[in-house]
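*Asks:* Can you keep this structure in mind? I'll have questions shortly.
The values are calculated or read from the model by the stated rules, or taken from the named source; none is laboratory data. Please read all numbers here as calculations on a predicted model, not as lab measurements. Backbone-built Cβ (ideal geometry, glycine too); neighbour counts: all protein chains shown. Surface areas here come from the heavy atoms of the whole protein model, side chains and all, with no ligands, DNA or RNA. Shrake-Rupley method; radii C 1.70, N 1.55, O 1.52, S 1.80 Å.
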Amino acid sequence: MFLQRTLKKEIYGIGIGLHSGRKVRIVLKPAPADHGIKFLHVGDDGQTLIDARADNVVATNYATSLGSDGQVIGTVEHLLAAFYGLGVDNALVEVHGDEIPIMDGSAIPFVYLIKTAGIVSQKVSKKFLVLKEEMTVVEDDKTITLEPSRSLSISFTIDFHHPLLKKQRCTFQFSDANFERQISRARTFGFLKEVEMLKSHGLARGGSLENAVVLDDFGVMNEGGLRFANECARHKVLDCLGDLSLLGMPMIAKVTAYKAGHALNHQLVKELLATPEAWEMVAPLHDQPSAKTLEYEFPPLAGVEPQPV
Ligand code: ZN
């Protein structure tokens with residue numbers, strides 16, 4: 001479980017872009033150890049490689065967008081969360097369009113895609129960012145606090161002026177199985193008024209009840225209702241995982257978030273990367289047998305059999 005992982009073979013998926021409303025084709029490809037997750041924007045005027053790293057974040061309003069050399073790929077966070085949640089460290093994602101398809105608004109279609117391709121371990125140790133010092137980021141009444149911990153856990157509270165979304169919480173203990181069962185199926189959500197406003201600005205053209213939980217003033221408009229009573233808080237954990245993946249390595253820390261969103265998640269990631277004394281990078285297989293690394297419970301990943309290095 002400490003070895004880096006990639007896809008067994010390449011696989012493609014097609015879906016609608018949330019903002020453009022256009023069909024987008026993505027191809028997920030295996031990549032060598034220490035490659036990380038990278039996007040290849042394929043456009044009419046050429047190809048642009050964009051690392052899934054915090055310094056390539058170009059927008060955090062409503063979704064996280066990455067960009068490089070004038071090319072932008074929007075709504076990357078649900079696919080990134082699927083890679084993170086399944087412990088996939090290395091992959092190249094070819095994107096034939098300007099955004100990752102929204103699919104059903106959750107990460108489960110990407111989980112299926114990745115699991116259908118298969119996951120294999122590689123011959124190099126994973127690297128973890130192990131937090132050593134507490135850290136808090138604040139924006140108005142929104143906060144995220146990180147505390148040193150033996151494992152990764154995320155507790156997320158949302159609090160909207162809406163009868164269904166008052167003080168809703170999700171607490172998640174990271175493992176790939178927990179991610180798949182508890183988090184990956186939670187859909188993005190929006191308020192009807194906001195969706196109408198976005199559409200009037202030419203955004204969310206692909207948005208519908210097929211790919212989001214939509215709330216009017218009283219309740220859920222989707223015919224099938226919610227997948228979980230606290231689906232919206234669970235989706236915030238999903239988004240948080242996707243945004244945290246831009247650290248470039250999985251994190252070992254206790255995360256407590258209140259009303260946070262992509263912008264604050266990104267601020268946290270930037271501050272962490274700018275404060276290297278607050279954490280250490282640990283590669284369990286290379287660093288063992290040091291007592292230091294044995295203090296942590298590295299995340300259980302059940303998807304593949306561990307192989308000798
Ligand atoms: Zn989301």
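*Asks:* Collect the residues in the stretch 146-166 that are touching a helix residue (DSSP H, G or I) at 6+ places or on another chain (Cβ under 7 Å) and farther than 30 Å from residue 279 by Cβ, keeping them in residue-number order.
*Replies:* Scanning the stretch 146-166 gives a single hit, 165.
*Asks:* Might you check whether a residue that is surrounded by fewer than 20 Cβ atoms within 10 Å (Cβ to Cβ), more than 28 Å from residue 20 (Cα to Cα) and not basic (Lys, Arg) occurs anywhere in the stretch 107-116?
*Replies:* No, the stretch 107-116 has no match at all.
*Asks:* For the stretch 98-119, give me the residue count where each residue is closer than 20 Å to residue 205 by Cβ and of a type in the set (Gly, Ala, Ser).
*Replies:* 2
*Asks:* Right, something else. Restricting the stretch 249-278 to residues that are away from the ligand (no atom under 16 Å from the Cβ), open to solvent by 40 Å² or more (accessible area, probe 1.4 Å) and over 12 Å from residue 54 (Cα atoms), which is farthest from the chain's Cα centre (by Cα)?
*Replies:* Selected residue: 277.
*Asks:* So, one more: Please go through the stretch 92-106 and pick out each residue that is open to solvent by 10 Å² or more (accessible area, probe 1.4 Å) and of a type in the set (A, V, I, L, M, F, W, C).
*Replies:* The answer is 92, 103.
*Asks:* Looking for whichever is in a loop (DSSP other than H, G, I, E, B) and touching a residue at least 60 places away in the same chain (Cβ under 8 Å) here; the options are 180, 210. Which one fits?
*Replies:* None of the other options fit; the residue is 210.
*Asks:* Scan the stretch 128-150 for residues that are open to solvent by 20 Å² or more (accessible area, probe 1.4 Å), farther than 30 Å from residue 193 by Cα and under 19 Å from the mean Cα position of the chain (by Cα) and jot them down.
*Replies:* The one that is open to solvent by 20 Å² or more (accessible area, probe 1.4 Å), farther than 30 Å from residue 193 by Cα and under 19 Å from the mean Cα position of the chain (by Cα): 145.
*Asks:* Can we say residue 81 is within 16 Å of the ligand (Cβ to nearest atom), outside any loop (DSSP other than H, G, I, E, B) and either within 19 Å of the chain's Cα centre (by Cα) or at negative phi (or both)?
*Replies:* Here the answer is yes, as residue 81 does meet what is asked.
*Asks:* Let me ask you something else. Answer yes or no: is there a residue in the stretch 159-168 that is at pLDDT 95 or above and of a type in the set (A, V, I, L, M, F, W, C).
*Replies:* The answer is no, given that none of the residues of the stretch 159-168 is at pLDDT 95 or above and of a type in the set (A, V, I, L, M, F, W, C).
*Asks:* Moving to a separate point now. Return the pairs, sorted by first residue and then second, in which the second residue is outside any strand (DSSP E or B) and open to solvent by less than 10 Å² (accessible area, probe 1.4 Å), the first residue lies in the stretch 69-83 and is free of Cβ contacts under 8 Å to residues at least 40 places away in the same chain and within 17 Å of residue 47 (Cβ to Cβ), the beta carbons are less than 8 Å apart, and the residues are 6+ apart or on different chains.
*Replies:* Close Cβ pairs satisfying both conditions: 73/100.
*Asks:* Since residue 204 meets every condition but one in (1) open to solvent by less than 50 Å² (accessible area, probe 1.4 Å); (2) at negative phi, which condition does it not meet?
*Replies:* (2)
*Asks:* Checking residue 103 against (1) touching a residue at least 40 places away in the same chain (Cβ under 8 Å); (2) more than 16 Å from the ligand (Cβ to nearest atom); (3) under 18 Å from the mean Cα position of the chain (by Cα), which single condition isn't satisfied?
*Replies:* (2)
*Asks:* Checking residue 76 against (1) surrounded by 17 or more Cβ atoms within 10 Å (Cβ to Cβ); (2) closer than 28 Å to residue 34 by Cβ; (3) away from the ligand (no atom under 16 Å from the Cβ); (4) within 18 Å of the chain's Cα centre (by Cα), only one condition comes out false. Which one?
*Replies:* Against the list (1) surrounded by 17 or more Cβ atoms within 10 Å (Cβ to Cβ); (2) closer than 28 Å to residue 34 by Cβ; (3) away from the ligand (no atom under 16 Å from the Cβ); (4) within 18 Å of the chain's Cα centre (by Cα), residue 76 comes up short only on (3).
*Asks:* Continuing with this model, one more query. Please determine, by comparing only the residues of the stretch 227-248 that are buried (at least 18 other Cβ atoms within 10 Å of the Cβ) and over 18 Å from residue 75 (Cα atoms), which one is farthest from the ligand (Cβ to nearest atom).
*Replies:* Top of the filtered list is 230.
*Asks:* Another question, then. Specify the residue that is farthest from residue 42 (Cα to Cα); the eligible residues are those in the stretch 84-100 that are within 16 Å of the ligand (Cβ to nearest atom) and not β-branched (Val, Ile, Thr).
*Replies:* Of the stretch 84-100, the ones within 16 Å of the ligand (Cβ to nearest atom) are 84-85, 99-100.
In the following step, the residues that additionally are not β-branched (Val, Ile, Thr) were identified as 84-85, 99.
On the way: 84: 24, 85: 26, 99: 11 Å.
If we take residues in the stretch 84-100 being within 16 Å of the ligand (Cβ to nearest atom) and not β-branched (Val, Ile, Thr), then 85 is farthest from residue 42 (Cα to Cα).
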